[in-house]
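Report on one structure; see the data block that follows.
What follows draws every value from the coordinates through simple rules; no lab data is involved. For clarity, every value in this text was computed on a predicted model and none was experimentally measured. With ideal geometry, Cβ positions are generated from the backbone for all residues, glycine too; neighbour counts draw on all protein chains shown.
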Amino acid sequence: MAAKIIDGKAIADTIRGEVRKASDLLKSSKGITPGLAFILVGENPASQAYVRMKGKGCEEAGFFSITDRLPESVSEGELLELIRRFNLDPRIHGILVQLPLPAHIREERVIRAIDFKKDVDGFHPINVGLLVIGRPCLKPCTPLGIQELLLRSGIETLGRHVVVIGRSNIVGKPMTNLLVQKGKGANAVVTVVHSAAGDLSRFTLQADILIAAMGKPHFVKAAMVKEGATVIDVGINRVADAGAKSGYRLVGDVDYEAVLPKAGHITPVPGGVGPMTIAMLLSNTLSAAAGTVYSD
Ligand code: GUN
């Protein structure tokens, strides 16, 4: 039987509608308009596209947003200064520095410079630590979006074996830390595998839920997937396509057509995890503006 396709776009649209409503209420009841600052360094076309889509999301949610575009040659000091200004700006509740950054800028220094209460990406070490110990914090948007997709699709995680492929700070590690916690949409048994694991099939074939987040086009083949498993594809890879107007098309980390008949549920690319990342960014920004994340 063919897999049930999880419509991430539709679920994200529902969440964006909820965020818009809550944002309007925050404005009318407390006079607060959520504000998000984007910082984009250099000319990476994928990063430019992501920031454009996130900015459009802000507009539709009724948020205030600013995008600062800096040249590839900007110094680390100048970037840190801009972050400090946004940290002090009362109109701004969230700061997002689009990654990756040029090699001469230390990503870790930049992330640490962001006020952790405005860290809507959930990358600051304080938020990473709070996530690990299961305390309230701003959480990374892509893993949070995947958790929400599973919840809203009625896919049980309690006691299930989740295998995450990839150990990035943006997806693999926070995904693991979210799903092992106690609570709704979590309580899973989680295995993380990566490039040093050798043959991955001996792990992936045991997955009730398989999350592919290693950035390799069509890496996950049907032979790596257990019959009936839920397959979540985080990959957004640009591959050359002479027939496409742009000269490329987007493919996931999963060999979608081959895995589709074997999986129980599967997310497409595009239209799966990607839209959820933006929805959760808006949700995080709303929470930061409302001041509902941290109790002190
Ligand atoms: N680059 C790729 N994914 C992300 C993300 O979620 N946040 C930021 N800031 N940069 C990214």
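What is the Cα convex hull volume of segment 252-296 when expressed per residue in Å³?
Numbers: hull volume 4.3 nm³, N = 45.
About 96 Å³ per residue, rounded to a whole number.
For segment 61-220, what are Rg and Dmax over the alpha carbons, in angstrom?
17.7, 51
Write down the radius of gyration of the chain and its Dmax, each obtained from C-alpha positions, in Å.
According to the Cα coordinates of the chain, Rg and Dmax are 19.1, 56 Å.
Compute log10 of I(q)/I(0) for segment 1-60 with the Debye formula, placing one identical point scatterer on every Cα and leaving out solvent, at q = 0.17, 0.26 Å⁻¹, to two decimals.
Log10 of I(q)/I(0), two decimals: -0.77, -1.08.
Based on a Kirkwood Rh over C-alpha pairs, give the Stokes-Einstein translational diffusion coefficient of segment 54-140 at 20 °C and viscosity 1.002 mPa s in µm²/s.
Estimated diffusion coefficient is 154 µm²/s.
Report the FRET efficiency, 1/(1 + (r/R0)^6), for Asp241 and Ser295, where r is their Cβ-Cβ distance and R0 is 45 Å, rounded to 0.05.
With a Förster radius of 45 Å, E is 0.35.
For Val234, what is the net charge nearby, where nearby means another residue's Cβ is under 12 Å from its Cβ and Lys, Arg count +1, Asp, Glu -1?
Working: positive: Lys216; negative: Asp233, Asp253.
That works out to -1.
For a Förster distance of 35 Å, can you work out the FRET efficiency between the beta-carbons of Leu25 and Glu107, rounded to the nearest 0.05?
0.45
So, R0 is 22 Å and r is the distance between the beta-carbons of Ala222 and Ala197; what FRET efficiency does that work out to, to 0.05?
0.70
Of Ile133, Ile165, Val259, whose Cα points farthest to the positive end of the dipole of the chain (charges on the beta-carbon: +1 Lys, Arg; -1 Asp, Glu; origin at the Cα centre)?
After comparing all options, I get Ile133.
Does segment 171-296 come out rounded, prolate or oblate by the C-alpha gyration tensor, with a ≥ b ≥ c the root eigenvalues, rounded set by a/c under 1.5 and, if not, prolate when a/b is larger than b/c and oblate if not? Intermediate values should be presented prior to the final figure.
Details: a/c = 2.18, a/b = 1.25, b/c = 1.74.
Oblate shape, in that a/c is at least 1.5 and b/c is the bigger or equal ratio.
When the gyration tensor of segment 1-150 is built from Cα positions, what are the square roots of 5 times its three eigenvalues, in whole Å, from largest to smallest?
Numbers: eigenvalues 136, 80, 60 Å².
Over the Cα atoms of segment 1-150, the semi-axes work out to 26, 20, 17 Å.
For segment 126-223, what is Rg from Cα atoms divided by 2.2 N^0.38 Å, rounded to two decimals? Display every interim value, and only then the final one.
Values: Rg = 13.1 Å, N = 98, 2.2 N^0.38 = 12.6 Å.
Segment 126-223 yields a ratio of 1.04.
Please state the relative contact order of the chain as a whole percent: Cα pairs under 8 Å, 6+ residues apart? Working shown, then result.
Working: 600 pairs, mean separation 66.9, N = 296.
Relative contact order of the chain: 23 percent.
Measure nothing fancy, just the Cα-based angle from helix 8-30's long axis to the longest principal axis of the chain, in degrees from 0 to 90, nearest 10.
Long axis of 8-30 versus the principal axis of the chain: about 20 degrees.
Give the peptides 179-191, 275-287, 70-82, 217-229 in descending order of average Cβ contacts within 10 Å, highest first.
Final packing ranking: 275-287, 217-229, 179-191, 70-82.
Taking the Cα centre of the chain as origin, work out the dipole magnitude from +1 charges on Lys and Arg Cβ and -1 charges on Asp and Glu Cβ, in debye rounded to 20.
440
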